[in-house]
Amino acid sequence: MQAIRSLFMPKWSSDVRLDGKTAIVTGANVGIGKETAKDLAGRGARVILACRDMAKGEQAARDIMREVKAAKVVARQLDLADTKSICQFAENIYNTEKALHYLINNAGVAICPHSLTVDGYEMQFGVNHLGHFFLTFLLLDLLKHSAPSRVINLSSATHAMGKIQFDDLSGEKNYHPFRAYAQSKLANVLFTREMAKRTEALGVMTYCVDPGVVNTEITRHIVRPLVDIIKTFSFVLKTPAEGAHTTIYCAVTPENQLLTGGYYKDCASAQSCRAGQDDGTALKLWAVSCHLLGIRWR
Ligand SMILES: NC(=O)c1ccc[n+]([C@@H]2O[C@H](COP(=O)([O-])OP(=O)(O)OC[C@H]3O[C@@H](n4cnc5c(N)ncnc54)[C@H](OP(=O)(O)O)[C@@H]3O)[C@@H](O)[C@H]2O)c1
């Protein structure tokens, strides 16, 4: 089975060190985020695990410290479904960190039943897009001050099936769990594209990542029999460590070999779908996101 896997699993490795760098990884207590944090810590970076459940976050920090000699990791509370929590997290970062070189917007909720964030946004749009949009906005001064710095947004191939439903962002008229996920992942692509234009001159580069199909807990809201079928074929799924490769690739590859605002998959530049390249929609989403959050981000 391993021999078959090695035929189609993309291979990539790099020994770039990140000593002296600081990174935040959201949703770092499990899955792709935890493996990303572990890899960055192994390269010498100080890594802040931004987790909504502190017990899980601290356990992840202990796991990483056990596996990575001299790892500099710390867990901090962040609930992306609550703008107050996002503000508190950012305030804490400004109080404790002198620099921030990497913001990895990795956390995600997928294909869940209709529910709302604390602030009343549809959960998947609220956490996957708005929460990360707001977090990035709040941390931008530190990212600018630490330039060159990078923001890496985790999207998904499912963005290709997404449409931004500007007339029903709360999903109250017509909610479908998968459509809402695809919409939020398209929003990640559009956010990356629009942000790149605004922050490139400031030395803050932005990349969007499709990690592939990865064997993680992301399936937690999908009905059990379907998950069981998917897991039967787990040998064709990426492991969480493999799923972290493209994020790490975007973090360590020299800037002149990457395109800010670009979409990356299997450790290489890739094309997002047509809707992901729609500058008009990207601009409109930017304006709507600012309006919903009550912020001015020009
Ligand atoms: N796995 C795949 O096949 C796949 C494919 C394409 C894209 N992706 C993307 O990759 C990213 C990582 O996914 P994964 O597969 O590693 O999923 P995962 O194992 O389910 O991990 C998701 C992480 O996000 C956190 N999270 C969820 N809601 C949050 C909130 N309100 N505030 C803060 N953190 C929150 C979770 O925390 P808790 O543990 O506390 O819930 C968990 O740490 C996601 O953005 C996902 O959309 C995954």
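The values are calculated or read from the model by the stated rules, or taken from the named source; none is laboratory data. Source: prediction; values computed, not measured. Glycine gets a Cβ as well: all are built from the backbone with ideal geometry, and neighbour counts include every protein chain shown. What goes into the accessible areas is simple: the full protein's heavy atoms, side chains included, and nothing from ligands, DNA or RNA. Shrake-Rupley method; radii C 1.70, N 1.55, O 1.52, S 1.80 Å.
For Ile152, the conditions (1) over 21 Å from Gln88 (Cα atoms); (2) open to solvent by 20 Å² or more (accessible area, probe 1.4 Å) all hold with the exception of (2). Just one of the listed residues (Lys185, Lys197) is surrounded by fewer than 21 Cβ atoms within 10 Å (Cβ to Cβ), touching a helix residue (DSSP H, G or I) at 6+ places or on another chain (Cβ under 9 Å) and modelled with pLDDT of 95 or more, and it is Lys197. Residues in the stretch 242-296 that are of a type in the set (Val, Ile, Thr) and over 19 Å from the mean Cα position of the chain (by Cα) were compared, and the one that is surrounded by the most Cβ atoms within 10 Å (Cβ to Cβ) is Thr281. Among the residues of the stretch 12-50, those identified as open to solvent by 50 Å² or more (accessible area, probe 1.4 Å) and touching a Lys or Arg at 6+ places or on another chain (Cβ under 6 Å) are Arg17, Arg46. Output the number of residues of the stretch 7-23 satisfying the condition of being more than 28 Å from Leu142 (Cβ to Cβ) and of a type in the set (S, T, N, Q). The total comes to 1. If a residue must be within 7 Å of the ligand (Cβ to nearest atom), among the hydroxyl-bearing types (Ser, Thr, Tyr) and loosely packed, with under 15 Cβ neighbours inside 10 Å, how many such residues does the stretch 210-241 contain? Qualifying residue count for the region: 0. Going by the conditions given, is Lys56 more than 14 Å from the ligand (Cβ to nearest atom), open to solvent by 20 Å² or more (accessible area, probe 1.4 Å) and charged (D, E, K, R)? The answer is no for Lys56.
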